[in-house]
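Presented below is the structure to which this report refers.
The values are calculated or read from the model by the stated rules, or taken from the named source; none is laboratory data. Since we're looking at a predicted model, the values are computed, not measured. With ideal geometry, Cβ positions are generated from the backbone for all residues, glycine too; neighbour counts draw on all protein chains shown.
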Amino acid sequence: MFQGKKILIGITGSIAAYKTVLLVRELVKQGAEVKVVMTSAAKDFVTPLTLSTLSKNSVTADLFENDSWANHVMLGRWADVMVIAPLSCNTLGKMAHGLCDNLLLAVYLSATCPVFVAPAMDDDMWHHPSTKENLKKINDFGNHIIPAEKGELASGLFGDGRMAEVQTILATLQSHFNYQKELSGKKALITAGPTYELLDPVRFIGNHSSGKMGVAIANELVKRGAEVTLVLGPSNVSVDEKKIKTFHVTSAEEMYEVCIKQFPEMNLAVMAAAVADYTPVNTFSEKIKKNDGNLVLELQKTKDILKSLGQIKKEKQLLVGFALETKNEAEYAKSKLKDKNADIIVLNSLRDKGAGFGTDTNKITIFEKSGAATTYDQKDKALVAKDIVDVIVKNIYA
């Protein structure tokens, strides 16, 4: 069931750690490659020797061991998924507030994969307001919480706080990997970032787009099993080019040419880039010198990539556009949906704090060709990407 999956297990100080031994054994048995990272407190409940024997990999617990440094960054990037089980109340609090005083927390903060947590604590701790608040925080960060269960606790009491059973954790992970395959066999084209329209060798017309939103959508589509092609304007956002075929472009014309060539083979396209509407008629081969007079630039319209794709779109292709507006937002978005022959328009408003260019968060409304319109709360862009792809999946299989 987990053949070829890379699963990183984090273990914290809790008597429930005995279940994690069984979890590691079962994951390896089902074909997963498992690595384990522990807190020092976890060693009081299960031994690194037991876990290394079952996982067939060395177990790490300290940032520095045997005169060597544990590379928490690479460990956090290695995994397809990270599972912290059990998650103690202490580690939960540290995760919620970004503390980093051990290797497990360093790996967690460096992880680029989905993170699942299985809390384990006594009933009163589980119901404490601070625990509830911390769980809400890490959930808002995008972590997946496998709820604690009711049962016999280490204190001898019977109540909530018992770590989920191994079979429940396995089923949750299996559901996660199945969910990733929703778009298996589908080809997706994504544009992201700004375009730079050159004036001379050192100057350009551009905008403040970072490319974060488009790259987040590309990453989410990969997770769902799609074969993704990304057309990326000038951006500092990192892209895993082993998983995502990436064309790096500079100008609107370059982005247009790649999109027109790639689109006919695609099942869906998401035009998330902030493409310049105008480009200089003349580009100077030498740096423009300042003089006493004003400089007048003549600009011409760039090619409308979304509209061009809408004109050649086939019946079973899905086309998604973005609209960034400052007034009459809904009206412009609905108009764009029709005029561009798009199936979905994702609306941003620059009037919403924490949305738009350069931020790590976004706040969107999605308009669909069917007439549906859904407004979402402000979220991290990775979570916004999930909402967008959920709507894409719904429309593809409608």
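Here is how the numbers come out for the structure above:
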item: Within the range 147-164, tally of residues that are touching a Pro at 6+ places or on another chain (Cβ under 6 Å) and without any contact (Cβ under 8 Å) to a residue 60 or more places away in the chain; result: 1
item: Residue pairs meeting the criteria (Cβ under 9 Å; at least 6 apart or on separate chains; first closer than 15 Å to Asp101 by Cα, in the range 36-50; second in a loop (DSSP other than H, G, I, E, B) and among the acidic types (Asp, Glu)); result: Ser40/Asp62
item: Qualifying helices (runs of 4 or more DSSP H) (wholly inside the range 101-149; at least 2 residues being under 29 Å from Lys5 (Cβ atoms) and in contact with a strand residue (DSSP E or B) (Cβ under 7 Å, 6 or more places away or on another chain)); result: 103-110, 129-140
item: Lone unmet requirement of (1) farther than 25 Å from Lys5 by Cβ; (2) small (Gly, Ala, Ser); (3) in contact with a helix residue (DSSP H, G or I) (Cβ under 9 Å, 6 or more places away or on another chain) for Ala218; result: (1)
item: Selection count, the range 360-378, where residues are touching a residue at least 24 places away in the same chain (Cβ under 8 Å) and either under 26 Å from Ser235 (Cβ atoms) or in a strand (DSSP E or B) (or both); result: 9
item: Among residues of the range 5-40, those that are crowded, with 17+ Cβ neighbours inside 10 Å and over 23 Å from Trp78 (Cβ atoms), counted; result: 4
item: Flag if Asn57 is surrounded by fewer than 22 Cβ atoms within 10 Å (Cβ to Cβ), without any contact (Cβ under 8 Å) to a residue 60 or more places away in the chain and not in a strand (DSSP E or B); result: yes
item: Any hit, the range 94-114, residues being in contact with an Asp or Glu (Cβ under 7 Å, 6 or more places away or on another chain) and within 19 Å of Lys19 (Cα to Cα); result: no
item: Those residues of the range 165-177 which are crowded, with 16+ Cβ neighbours inside 10 Å and free of Cβ contacts under 8 Å to residues at least 60 places away in the same chain, in sequence order; result: Thr172
item: Output for the range 241-253, where each listed residue is under 15 Å from Met271 (Cβ atoms) and in contact (Cβ under 8 Å) with a residue 24 or more places away in the chain; result: Val249, Ala252
item: Checking Asn236 against (1) at pLDDT below 95; (2) over 23 Å from Asn348 (Cβ atoms); (3) exposed (fewer than 13 other Cβ atoms within 10 Å of the Cβ), the condition it does not meet; result: (2)
item: Subset of the range 150-163 [assigned to a loop (DSSP other than H, G, I, E, B) and crowded, with 19+ Cβ neighbours inside 10 Å]; result: Leu153, Met163
item: Verdict on Cys89 being surrounded by fewer than 19 Cβ atoms within 10 Å (Cβ to Cβ) and not aliphatic (A, V, I, L, M); result: no
item: Pairs with Cβ under 8 Å, 6+ apart, first in the range 79-99 and charged (D, E, K, R), second surrounded by 20 or more Cβ atoms within 10 Å (Cβ to Cβ) and part of a strand (DSSP E or B); result: Asp80/Ile7
item: Top-ranked residue of the range 329-359 - restricted to ones that are at pLDDT 80 or above and polar (S, T, N, Q), ranked as nearest to Ala273 (Cα to Cα); result: Asn348
item: Residues of the range 182-195 classified as farther than 16 Å from Ile244 by Cα and in a loop (DSSP other than H, G, I, E, B), total; result: 2
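To keep it simple, each residue is scored yes or no on (1) surrounded by 10 or more Cβ atoms within 10 Å (Cβ to Cβ); (2) modelled with pLDDT of 90 or more.
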site: Val281; (1), (2): no, yes
site: Ile288; (1), (2): yes, no
site: Asp292; (1), (2): no, no
site: Gly310; (1), (2): yes, yes
site: Glu325; (1), (2): yes, no
